[in-house]
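Report on one structure; see the data block that follows.
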Amino acid sequence: MFQAKCKFVNYRLFGIVLVLVFFFGLNIQQPLLGQTSQEDPEKKENTSNESDFPKKLKSKKTWEYIVDFPGRVLYLPFWLLDKGAKPIFSLVGAAPVTYSKLARILISADGRRGILPSYSPRTGGGLKFFLKDLTNPGSKLNITANLGLRWRQYYKIQLKRFQLGGPFRSDFSAQYLYFPDEPFYGIGNNSSKGDKTNFAQKQAAARATLGVDLGRKTIVTATFGFENNIISKGKNPHIKSITELSPEEKEYISGLSDEISMFSLQFQLQHDSRNRLGNPSAGWEVNIKNGIFHQTGNSKYVFWKSSADITRYLHLFYDRTFVFRIATEVTRTYGNRQIPFYYLSELGRTETIRGFSRGRFRDKDMVLGSLEYRFPLMKRSEKQLGLDAVYFIDAGQVSQNIFDNFSIKDFQVGFGGGICLFSRNGRILQMLLGKSKDRFRFYLVLY
């Protein structure tokens, strides 16, 4: 009886240890980078004894526990919300089977063509058709159709990576969008959420790109574009439309009552040295762009825009990764020309400060910084998808002139966390919850 009771206690203690290891995101069996194991863990017989377990714990140094401590603290809410997290983990646990069955139905056997669901908070939900290797290996055709509330519409056809011989390639795209209730809070870093209005935007656009591959994952492109924009009364009945503002208020909003057609010429330098697509743990993403925008048939709206967006992925250990990002954008007019308000730099979208409403801050210039901490909840294998937890903090500001008016105290801040589901080909789904001084905001994106 005493021996059986001891075994029961040992099993229960061992079970508690396993649960704690899982919920704190630790993988005590994975060696550090640079270390090698003399035995294949899949072929090793189950001959562990009590002395094996502490040896594996010692594989982490004291400083590693210190560095890993933020991950434990940040993951604590998931542990406290055990009952709420279990359905998510059970869903993700079934995701490989579900995704595999879905892929066999929607994607051809050779993987060259298929139809997949798509969704984003701005464009709504719909379907995306793709066809790979259309004219040459690496070329791709994408056709996307999304619909949302109040008849929100987004249609796009895109031809990518058409080889023209040697290092030259070309891209083509055409799109139509109708966003019936885009938010507008005013212009400037101190705009108030209480001044929210909305407007409807129709846009038809076409772009052609010529690129030169410089090697080492770097390409230079020139893009010629044409866009036609129409701004009208917002369709959200619960919010005042921007067209209903007083004449004095409208005076500061350029491009409000005009149908504006613009052509643009932009030059771009892109460098992408990420070690993998789904959840990169090393490498860089660099995007530097400069271009001019000119109204067709008129010279009322003429301006240029320059931007830089740099992201660095830094692996720590045990698949823990820090992601550092800085971005800036500068918009200037030529002479007494004007900038339509919807071409101003913007903060509040998913890729800027998460936690604010879209279009929350607009002005000529923008600066942004972001830090993310990622760690695995479920590791990707050949037959399974991967799942990462993500915690982030974003900060940035808009300004009439970021060089003259830059101030740390004027930074707007958002923070939060969520999960990202990915395969070896890239991200599949991302769910995030962001918090700012204004509100909580939930993000769901299907890639």
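Read-outs throughout are calculated quantities, based only on the coordinates presented, and are distinct from any laboratory measurement. None of the values given here were measured: they were computed from a predicted structure. For neighbour counting, all protein chains shown are included, and Cβ atoms are generated from backbone atoms with ideal geometry for every residue, glycine included.
What to note about this one:
- Semi-axis lengths, Å, the range 91-446, gyration tensor of Cα atoms, sqrt of 5 times eigenvalues: 33, 25, 22
- Charge sum, other residues only, whose C-beta stays under 9 Å from ILE353's C-beta, Lys/Arg counted +1 and Asp/Glu -1: +2
- With K and R counted +1 and D and E -1, the other residues having a Cβ less than 14 Å from that of ARG332 yield a net charge of -1.
- Förster-model FRET efficiency, 25 Å R0, ASP404 and ILE288, C-beta, rounded to 0.05: 0.65
- Here the residues PHE199, PHE442, ranked from fewest to most Cβ neighbours within 10 Å of their Cβ, fall in the order PHE442, PHE199.
- Each of GLU182, GLU259 was scored by other Cβ atoms within 10 Å of its Cβ. Listed from fewest to most, they are GLU259, GLU182.
- In nm, spacing of pseudo-spin labels at ILE310 and GLU259 (7 Å Cα→C-beta vector): 4.4 nm
- Members of LYS202/LYS300; LYS140/LYS289; LYS300/LYS437; LYS156/LYS364 lying beyond 31 Å, as alpha-carbon distances in this model show: LYS300/LYS437
- The range 252-320: chymotrypsin sites (Phe, Trp or Tyr not before Pro) in DSSP coil with no more than 14 other Cβ atoms inside 10 Å: TYR252
- Global form of the range 363-447, assessed from the alpha-carbon gyration tensor, a/c cut-off 1.5: prolate
- Cβ-based exposure ranking for ASP388, ASP410, ASP110, in which fewest neighbours within 10 Å come first: ASP110, ASP410, ASP388
- Inter-part distance where the range 145-170 and the range 372-447 are each reduced to a Cα centre, Å: 25 Å
- Given charges at beta-carbon only (K, R positive; D, E negative), |dipole| of the range 91-446 in Debye: 1200 debye
- Label-to-label distance, nm, for residues given as VAL413 and ASP110 (7 Å Cα→Cβ offset): 5.5 nm
- Approximate spin-label separation HIS271-SER299, in nm, with each point projected 7 Å along Cα-to-Cβ: 3.9 nm
- Positive minus negative residues near THR144 (Lys, Arg vs Asp, Glu; Cβ under 10 Å): +2
- Note on the range 307-405: Rg/Rh from Cα positions, Kirkwood definition for Rh, rounded to two decimals, is 1.13.
- Computed over the range 167-290, the P(r) curve from all C-alpha pair distances, binned at 10 Å from the origin, holds 11, 27, 25, 24, 12, 1 percent per bin.
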